[in-house]
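Let me begin by presenting the structure, written as structure tokens, before commenting on it.
The values are calculated or read from the model by the stated rules, or taken from the named source; none is laboratory data. What you see is a predicted model; the values in this text were computed from it and never measured. Neighbour counts are summed over all protein chains in view; Cβ atoms, including those assigned to glycine, are modelled from backbone coordinates with ideal geometry.
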């Protein structure tokens, strides 16, 4: 298995681990995983209703660009970068894309882009 195939599998594993993160009992709420292997886009979405309030939001958004995983959005408690590292992805292959480009260069342990 090549690096990109491995990273696709790791991303899907991490997304599936987070799918049960919403604990409030709601009849009209679901967590959805959206994957696009051809273009390298991976999302975890919450969709539905909390009482009278509409819920539609992205919890996680990861992209595969080149040979790096770009974290575009991360609303997890412990940070998805930690999950990726536990699965063997080196920090040098993780881009914290939710940080401004000028800030990324100071995060030496992670890739700048």
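Considering 1, 107, the condition of being surrounded by 11 or more Cβ atoms within 10 Å (Cβ to Cβ) and at pLDDT below 95 is satisfied by 107 alone. The residue that is surrounded by the most Cβ atoms within 10 Å (Cβ to Cβ), among those in region 42-68 that are within 9 Å of the chain's Cα centre (by Cα) and farther than 14 Å from residue 30 by Cβ, is 62. For region 22-41, the candidate set comprises residues that are surrounded by 14 or more Cβ atoms within 10 Å (Cβ to Cβ), out of contact with any helix residue (DSSP H, G or I) (no Cβ under 7 Å at 6 or more places or on another chain) and in a strand (DSSP E or B); within that set, the residue that is modelled with the lowest pLDDT is 29. Against the definition (farther than 22 Å from residue 13 by Cα and touching a strand residue (DSSP E or B) at 6+ places or on another chain (Cβ under 6 Å)), how does residue 113 come out, yes or no? For residue 113, the condition - farther than 22 Å from residue 13 by Cα and touching a strand residue (DSSP E or B) at 6+ places or on another chain (Cβ under 6 Å) - is met. Here residue 101 meets the list (1) in contact (Cβ under 8 Å) with a residue 12 or more places away in the chain; (2) farther than 13 Å from residue 18 by Cβ; (3) surrounded by 11 or more Cβ atoms within 10 Å (Cβ to Cβ) almost entirely, failing just condition (3). Might you let me know whether region 46-58 holds any residue that is touching a residue at least 40 places away in the same chain (Cβ under 8 Å), farther than 20 Å from residue 100 by Cα and assigned to a loop (DSSP other than H, G, I, E, B)? Within region 46-58, not a single residue is touching a residue at least 40 places away in the same chain (Cβ under 8 Å), farther than 20 Å from residue 100 by Cα and assigned to a loop (DSSP other than H, G, I, E, B). For region 78-98, the tally of residues that are in contact (Cβ under 8 Å) with a residue 24 or more places away in the chain and exposed (fewer than 11 other Cβ atoms within 10 Å of the Cβ) stands at 1. When residue 40 is tested against (1) touching a strand residue (DSSP E or B) at 6+ places or on another chain (Cβ under 6 Å); (2) without any contact (Cβ under 8 Å) to a residue 12 or more places away in the chain, just one condition goes unmet, and that condition is (2).
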